[in-house]
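Data first, discussion second: the structure below is written as structure tokens.
Computed from the coordinates by the stated procedures, all read-outs in this text should not be read as laboratory data. Every value quoted in this text rests on a predicted model; they were computed, and no experiment measured them. Positions of Cβ are generated from backbone atoms using ideal geometry, with glycine treated the same way; all protein chains shown enter the neighbour counts.
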Amino acid sequence: MSGDWAVELHGIRKRYGRGRTAVHALRGVDLTLRHGSYTAVMGPSGSGKSTFLQCAAGLDRPTAGTVRLGGTEITGMKENKLTALRRTRIGFVFQAFNLLPSLTVEQNVVLPMRLAGHRPDRRRAAEVLHQVGLADKARRRPGQLSGGQQQRVAIARALVTRPDVVFADEPTGALDTTTATEILTLLRGAVDTHGATVVMVTHDPAAAAWADRVLFLSDGEIVDHLDREGAAGHGLDRDRAAGHGLDRDRSAGHGLDREAAAGHGPDRAHADRIAARMTSLAAPRAHTKAAA
Ligand SMILES: Nc1ncnc2c1ncn2[C@@H]1O[C@H](COP(=O)(O)OP(=O)(O)OP(=O)(O)O)[C@@H](O)[C@H]1O
Ligand SMILES: [Mg+2]
């Protein structure tokens, strides 16, 4: 039955360093995420959010515990096999965008295809660049773009292969409200239209409010969660979109218009509840910050 879950974490611990200076970044995280779900992860700085995301995405190896992606256990997987799985089925948006400065925007976007040994699909690259509002920047280099534009290139790169799971670390951290809304709409669309599973770290309650569920991390543990009212917990609600009488053709490729029209934007009250829950979280214990 494990194939039922897009992501499964069991007893995940992550320790950096040893002895008295050891940092226990994750202290036993258990979590299962459905296919087509949208999860936000919040918590104070240093609470382990990035570590959690990197362990879940197979970019970092936990000290203990198991990770399964789409039913496949990746914990003991050989590096080359894990890399292949990551390149084909996972999209990752890093907290620092990790674009290659010597490549053009388009080359950065098609990189996951090239790394996976596929021919770069330039039409698909143009499509995702259009979706993130950078259709005219394909030939620029990252250094010639603003921070927000670079962040959008990173998101285009994460979506280009239509991955099963997208892990995003602060994808809207560097963006103005309008662009952030476009990005959140895009991620919501990847879930609702394409059935992708999205896990997104954010500090912003308004961003987290787009997710079906918000998880709260404190000091390396999931201490709380908050569900969006009416969220089924498994995104795919095509019926709802169809009920709005939307043009199906325009909905291809997770178009922004359709998603906005489908009413997936968060409501203020939910964002306020998330913000209230965040402020009630304890600050990380002093010793977890020792190696910072
Ligand atoms: N490579 C590393 N070596 C040692 N300690 C680390 C390393 N990476 C992270 N840590 C420590 O692990 C803890 C969790 O870090 P992590 O980056 O996961 O936090 P975070 O919740 O993402 O914080 P932020 O909101 O500031 O990005 C912190 O105490 C951090 O200092
Ligand atoms: Mg972080």
**Study point:** Packing-based exposure ordering (other Cβ within 10 Å, fewest first) of Glu73, Glu79
**Key:** Glu79, Glu73
Exercise for review: Based on the mean of other Cβ atoms within 10 Å per residue, sort peptides 214-226, 55-67, 188-200 so the most packed one is first.
Suggested key: 188-200, 214-226, 55-67
Review point. How high is the relative contact order of the stretch 1-79, in percent, with contacts defined as C-alpha pairs under 8 Å that are six or more residues apart?
Key: 41
Revision key, fill the gap. Inter-part gap, Cα centre of the stretch 165-187 to Cα centre of the stretch 17-82, in whole angstrom, is 21
Check your understanding: From the phi of every residue in the stretch 270-280, what ³J(HN,Hα) in whole Hz does the Karplus formula 6.51 cos²θ - 1.76 cosθ + 1.60 yield, where θ is phi - 60° and glycine or proline is x?
Key -> 5, 4, 5, 5, 5, 4, 5, 5, 4, 5, 7
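In what sequence do Glu170, Glu229 fall when counting other Cβ within 10 Å, fewest first?
Glu229, Glu170
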Check your understanding: Along the stretch 121-136, what does the Karplus equation 6.51 cos²θ - 1.76 cosθ + 1.60 (θ = phi - 60°) give for ³J(HN,Hα), rounded to whole Hz, x for Gly and Pro?
Key -> 9, 6, 5, 5, 4, 4, 5, 5, 5, 5, 4, 8, x, 10, 4, 8
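Give the order of Trp5, Trp210 when sorted by the count of other beta carbons within 10 angstrom, beginning with the fewest.
Least crowded to most crowded, the residues run Trp5, Trp210.
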Point to revise | Orientation-averaged projected area, Cα convex hull of the stretch 63-132 (nm²) | key: 6.3
